[in-house]
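Okay, structure first, notes after.
Just so it is clear, none of the values below were taken in a lab; they were calculated from the coordinates. What you are looking at is a predicted structure, and each value in this text was computed from that prediction instead of being measured. Reconstructed Cβ throughout: ideal geometry from the backbone, glycine too, with neighbour counts over all protein chains shown.
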Amino acid sequence: MDGRGIYKLTAQEIGAAAANSFLSGLYCAESVLLALAEAQETKSDLIPKIATGLCSGMGRTCGTCGALSGGILGIGLALGRSRADEPVDPAYQAVRRLIAEFETEFGARDCHLLLGCDLGTPEGQTVFREKGLREQCSRYTGRAAEMTARIVEEAEARRP
């Protein structure tokens, strides 16, 4: 893969691709997973579909930020297991690290805390539009993809 590791792009390029995808109309989890998968040369009509329900704080329920959830799916794609006898530790360690880094940078992991509104209500959606929070979500999306790519690359470099 180009000597770069698991991804054909740098972490910054993956982050930019995710942010651009978000600004082009896909949502957070979809954009992060799509950017990570494509950088890994994984193509499927199922991506970004499998991430859709995680967008907007898990289907607008004030849950975990979709960008973070998309990153967790991306970790699974790269470090997950396909058989019961394979270890879970590489993926689990990467997920814990991603969550910690995301929370350190942004101060929270839940959508409503990050945005200051509940996207599951008409009032919250109005706040989202009026405050121009789409740009803020684009930043979360790009950074989550970038963090994930870096964490995965570092985990891959440590594998025997």
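Numbers at a glance
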{"item": "Inter-label distance, nm, simple model (7 Å from Cα along the C-beta direction), residue 100/residue 52", "result": "3.6"}
{"item": "Footprinting exposure proxy for 102, 22 (fewest neighbouring C-beta atoms within 10 Å first)", "result": "102, 22"}
{"item": "FRET efficiency estimate (nearest 0.05) - Cβ-Cβ, residue 130 to residue 92, R0 41 angstrom", "result": "0.55"}
{"item": "Where GluC sites (Glu not before Pro) fall in DSSP loop in the range 1-99, at most 16 other Cβ within 10 Å", "result": "41"}
{"item": "Computed magnitude of the charge dipole of the range 11-158 (debye, nearest 20; Cβ of K, R +1, Cβ of D, E -1)", "result": "220"}
{"item": "Footprinting exposure proxy for 31, 56, 82 (fewest neighbouring C-beta atoms within 10 Å first)", "result": "82, 56, 31"}
{"item": "Per-residue [θ]222 nm for the chain (sum of -39500 (n - 2.57) over DSSP H runs n ≥ 4, rounded to 500)", "result": "-20500 deg cm²/dmol"}
{"item": "Cα gyration tensor, the range 26-118 - rounded (a/c under 1.5), prolate or oblate", "result": "oblate"}
{"item": "For Rg and Dmax of the Cα atoms in Å, calculated from these coordinates, the label among (i) 19.6, 71; (ii) 14.9, 40; (iii) 15.2, 51", "result": "(iii)"}
{"item": "Gain on full stretching of the segment that runs from residue 83 to residue 43 - 0.36 nm per residue minus C-alpha separation", "result": "12.2 nm"}
{"item": "Packing-based exposure ordering (other Cβ within 10 Å, fewest first) of 114, 68", "result": "114, 68"}
{"item": "Degrees, to the nearest 10: 11-23 long Cα axis against longest axis of the chain", "result": "30"}
{"item": "For residue 110, residues with placed amide H under 5 Å, excluding near neighbours", "result": "65"}
